[in-house]
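The values are calculated or read from the model by the stated rules, or taken from the named source; none is laboratory data. These numbers come from a predicted model, not from an experiment. Neighbour counts run over all protein chains shown; Cβ positions are idealised from the backbone, glycine included.
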Amino acid sequence: MPSLSTVNSVKGLLQIPIDIKVEDEAIQDSLEAVEAYLLHRFGLAVEEEEVHDYFENIQRRRKIVLSKRPVAVIGKVEGKGYGETEWIELQHELLDPQKGILILEPEGSTWPPVEVETAPMFRHREWYWDRVHVWYATTGTYKDVDKIPHDLRQITSRLAAYAYRQERTGAEKGARRGRVGYEFRDDDVPPWATGMLKRWDRPEEVSWVA
């Protein structure tokens, strides 16, 4: 999997000499578990990806937080009204590519959408789309380790070192990733890391659905 840090960086925090390899596998297990957790929590796409997100009950001019970021380009945004069977292409604006935030039917867009036969009935009230589909591509910016921001590398290394220590002392609830699927979870995050994680957390405007 793509790496946000390195075993040697974690070993430095643990004060383990680089040439001592006996714990490298265990450290790698902890690092991979933390990276998987952070990539999911922050919605980071390290590689270029084509993504299809689906949303329910989305109001016009409502911000949508996409599941992956950074966003390179929006391919298509389409919606279906209640009881409708056909998808209708929707006007939109990508407000923040780095955070993956867009808005439907922004100010100045044509409203009601001319494709909807019953559009006049919505001229005096806001319309909720029953289902919205967003098709987009991510940038792959972070596949180059040199472009991963310092604070993201730092929090990854520190949490991996913490997870390793917890596992070694028997405090970790799970088992090693390489043995029975070790996972790092929300309730594993120590209090000192909360502020560092908030910088990368995204707003909870609208969540995506499967």
Quick check: anything in the stretch 169-178 among the polar types (S, T, N, Q), modelled with pLDDT under 90 and under 15 Å from the mean Cα position of the chain (by Cα)?
-> no
Taking the stretch 55-94 as the region of interest, how many residues are in a loop (DSSP other than H, G, I, E, B) and either outside the structural domain of Y128 (by TED's automatic domain parsing) or not hydroxyl-bearing (S, T, Y) (or both)?
-> 13
Is it fair to say H150 is at pLDDT 90 or above and either out of contact with any Leu (no Cβ under 6 Å at 6 or more places or on another chain) or over 30 Å from W87 (Cβ atoms) (or both)?
-> yes
Residues (in contact (Cβ under 8 Å) with a residue 60 or more places away in the chain and surrounded by 13 or more Cβ atoms within 10 Å (Cβ to Cβ)) located in the stretch 62-90 = R62, K63, I64, V65, L66, S67, K68, R69, P70, V71, A72, I74
